[in-house]
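Here the structure comes first, spelled out in structure tokens, and everything after it is commentary.
The values are calculated or read from the model by the stated rules, or taken from the named source; none is laboratory data. Keep in mind that this is a model prediction, so the values were computed, not measured. Don't worry about glycine lacking a Cβ; one is built from the backbone with ideal geometry, like all the others, and counts go over all protein chains shown. Calculation scope for accessible area: heavy atoms of the full protein, side chains included, ligands and nucleic acids excluded. Shrake-Rupley method; radii C 1.70, N 1.55, O 1.52, S 1.80 Å.
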Amino acid sequence: MKNKQEVLDSIISQGMLPLFFFEDGEVSVEITRTLYKAGVRVFEYTNRGKAALENFKLLKELQQAEMPDLHLGIGTIKSIHEADAFINAGADFLVSPIINPEVAKMAHDHHMLWIPGCMTPTEIYTAQCNDAALIKLFPANILGPAFLSSIKELFPGQLFMPTGGVELEAENIATWFKAGVCAVGMGSKLISKKVLEGKLYDQLYNDTLKAIALVKAGR
């Protein structure tokens with residue numbers, strides 16, 4: 001398990017958080033290898049299917065054997081039962097689509113970074129009351145950069161990251177950073193169903209390099 005501040009610093013430094021889930025464990029391993037080869041040092045596997053926990057354990061073995069500097073988090077954590085299972089499997093941080101104070105407490109008790117998803121100012125305030133260092137704006141394609149521009153002065157110093165519909169395009173990424181985010185979540189726009197099912201690792205490698213470059217240029 002990695003230090004909370006170390007993981008947060010890594011997300012901010014990288015400027016993006018790739019995330020995906022796929023039922024096939026070996027494909028999940030190769031996707032992770034490809035992301036790492038392209039320069040990714042922190043990413044989120046998502047708890048979106050029955051194979052998620054066993055696949056995560058495979059990724060943890062990969063991390064320990066080949067990628068000691070990789071920060072491996074788990075997303076779509078909604079309950080303390082899910083949180084407990086993945087913490088025991090070695091998750092370095094937790095990402096949630098909602099605010100569950102029990103999950104927040106469990107993460108904090110383990111000195112882990114917890115990233116809850118928020119859609120309203122009230123939810124953002126509630127997340128802050130539960131000591132969220134980084135808040136996920138979700139779904140980002142519904143909220144848009146203008147939402148953050150409108151409300152960020154209400155929450156000075158709070159770190160935000162949009163997830164859900166962030167495009168692999170210079171203008172979209174630059175607009176989010178101009179609005180005040182510290183990083184962007186990159187899911188299906190980077191690691192698409194086509195890439196996963198077709199095992200298009202070369203395409204993913206090139207797209208990841210592009211994403212990293214767009215983030216660097218857009219900040």
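Summary table
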item: Of all residues making up segment 68-99, the number that are in a loop (DSSP other than H, G, I, E, B), in contact with a Ser or Thr (Cβ under 7 Å, 6 or more places away or on another chain) and closer than 21 Å to F21 by Cβ; result: 4
item: Condition check for S188: more than 29 Å from Y36 (Cβ to Cβ) and at pLDDT 95 or above; result: no
item: Residue in segment 4-21 that is outside any strand (DSSP E or B), touching a residue at least 40 places away in the same chain (Cβ under 8 Å), in contact with an Asp or Glu (Cβ under 6 Å, 6 or more places away or on another chain) and under 17 Å from A91 (Cβ atoms) present; result: yes
item: Condition check for K199: open to solvent by 20 Å² or more (accessible area, probe 1.4 Å) and touching a Ser or Thr at 6+ places or on another chain (Cβ under 9 Å); result: no
item: N141 being over 15 Å from the mean Cα position of the chain (by Cα), of a type in the set (S, T, N, Q) and buried (at least 17 other Cβ atoms within 10 Å of the Cβ); result: no
item: Pair list, Cβ under 7 Å, 6 or more apart: segment 202-219 residue surrounded by 16 or more Cβ atoms within 10 Å (Cβ to Cβ), other residue modelled with pLDDT of 95 or more and aromatic (F, W, Y); result: G218/F177
item: Lone qualifier among E6, E44, E82 - being under 14 Å from the mean Cα position of the chain (by Cα) and among the charged types (D, E, K, R); result: E44
item: Checklist (1) part of a loop (DSSP other than H, G, I, E, B); (2) under 30 Å from F177 (Cα atoms); (3) not charged (D, E, K, R) applied to G49, failing item; result: (2)
item: Any hit, segment 167-177, residues being under 21 Å from L113 (Cβ atoms) and in contact with a strand residue (DSSP E or B) (Cβ under 6 Å, 6 or more places away or on another chain); result: yes
item: Exclusive hit being free of Cβ contacts under 8 Å to residues at least 24 places away in the same chain and outside any loop (DSSP other than H, G, I, E, B), set K194, K178; result: K194
item: Residue among V40, V29 that is open to solvent by less than 30 Å² (accessible area, probe 1.4 Å), assigned to a helix (DSSP H, G or I) and out of contact with any Cys (no Cβ under 8 Å at 6 or more places or on another chain); result: V29
item: Unique residue being touching a residue at least 24 places away in the same chain (Cβ under 8 Å), farther than 19 Å from G185 by Cβ and not charged (D, E, K, R) when the list is P101, P97; result: P101
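Quick grid of which residues meet (1) polar (S, T, N, Q); (2) part of a helix (DSSP H, G or I); (3) under 14 Å from L94 (Cα atoms):
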position	(1), (2), (3)
W114	no, no, yes
I135	no, no, yes
N141	yes, yes, no
K152	no, yes, no
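Residue by residue, here is whether (1) touching a helix residue (DSSP H, G or I) at 6+ places or on another chain (Cβ under 6 Å); (2) surrounded by 17 or more Cβ atoms within 10 Å (Cβ to Cβ); (3) within 20 Å of V166 (Cα to Cα) holds:
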site	(1), (2), (3)
N3	no, no, no
D9	no, no, no
L17	yes, yes, yes
R48	no, no, yes
K60	no, yes, no
Q63	no, yes, no
K78	no, no, no
